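Input: a single structure, listed below in structure tokens.
The values are calculated or read from the model by the stated rules, or taken from the named source; none is laboratory data. Just so it is clear, the structure is predicted and the values come from calculations on it, not from any experiment. Reconstructed Cβ throughout: ideal geometry from the backbone, glycine too, with neighbour counts over all protein chains shown. With ligands, DNA and RNA removed, areas are computed over all heavy atoms of the protein, side chains included. Shrake-Rupley method; radii C 1.70, N 1.55, O 1.52, S 1.80 Å.
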Amino acid sequence: MSTMKPLRRLALPALALWVGAASAQTTAPAPAAGDAPPPRAVMQMAAPVQSTPVGAAPAAAGMAPGAATQNNAAAAAATAANAVNPLTSLAGLGTDYTIGPNDLIDIDVYGVPELKRTVRVNSSGLVSLPLVGQVSLGGLTAQEAEKRLEKVYGEKYLANPQISVFIREFTTQRVTVEGAVAKPGVYPFTGQLTLLRTMALVGGGGPMARLDEVMVYRKAPDGRMETLTYNMEKIRDGTEPDPIIYAEDVIVVKRDATRALLRDSLFRDAIDAINPFSALAPK
């Protein structure tokens, strides 16, 4: 028993030395300074790949130039498609608008869908309708056209017809201004127009204009020509109302005969010869 104890004491340190040596052989040596680190066996999650191309601006910074150009072109096309044609828009159409050539109108007979028509007025102011043939609607308002059609259909074909007329497209109305004005001519207009606005449209009266007697010629529904006389001076100071001007009215501003005769006379020629300031006077 006494000899076994020393052997055990010697064997335990030797075993410890042998285990230490084996551990040193299996352990990898530490890398020297400057060497690349050994690859790790731990897996790392890869970063997600971005779909934005290289060089493209991020979404927060705005759209790409090509996309912005395409969107601007699309917006311009949409704006052009939604633009309102001033010659056919109903925005400026008043209740006093009279039907004229090339107008497109809807005619609806209540309870008789077979008679519903969309027709265009010809150059003579006529429309062609079923049963009644050609009917003159030129120069009438929509309400007047309804009454005329109700009368025509009610005479032979329908009992107490109810007819509605809707102006789908209308041509530009015109007024003719002639005489002693700054810019005589034929002027288109839409909506409501007055005599004072018409005079402003043509630049006012000329130097020889007689504004106390402005003539307006208007065609009556029965075809005869009416002549109306207005005093522009009283209209301007508010003592007389500003009259409404209708489509196809003809406005004539007369010249002052006395002033015109004085300007064109030999006496005026003599004055021009001796007056050094006559060249500055309006001709």
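Regarding PRO243, is this residue over 21 Å from ASN102 (Cβ atoms) and touching a helix residue (DSSP H, G or I) at 6+ places or on another chain (Cβ under 7 Å)?
The answer is yes for PRO243.
Filter region 143-152 down to the residues that are in contact (Cβ under 8 Å) with a residue 40 or more places away in the chain and surrounded by 18 or more Cβ atoms within 10 Å (Cβ to Cβ), then identify the one that is farthest from ILE99 (Cα to Cα).
LEU149
Please go through region 166-200 and give me each residue that is under 19 Å from the mean Cα position of the chain (by Cα) and of a type outside the set (Asp, Glu), ordered by number.
Scanning region 166-200 gives ARG168, PHE170, THR171, THR172, PRO188, PHE189, THR190, GLY191.
So how many residues does region 118-134 have that are within 17 Å of PRO161 (Cα to Cα) and either crowded, with 18+ Cβ neighbours inside 10 Å or in contact with a strand residue (DSSP E or B) (Cβ under 6 Å, 6 or more places away or on another chain) (or both)?
So the answer is 1.
Which one is modelled with the highest pLDDT, of the residues in region 101-117 that are under 25 Å from the mean Cα position of the chain (by Cα) and open to solvent by 10 Å² or more (accessible area, probe 1.4 Å)?
Restricting to residues being under 25 Å from the mean Cα position of the chain (by Cα) and open to solvent by 10 Å² or more (accessible area, probe 1.4 Å), the top hit is ASP106.
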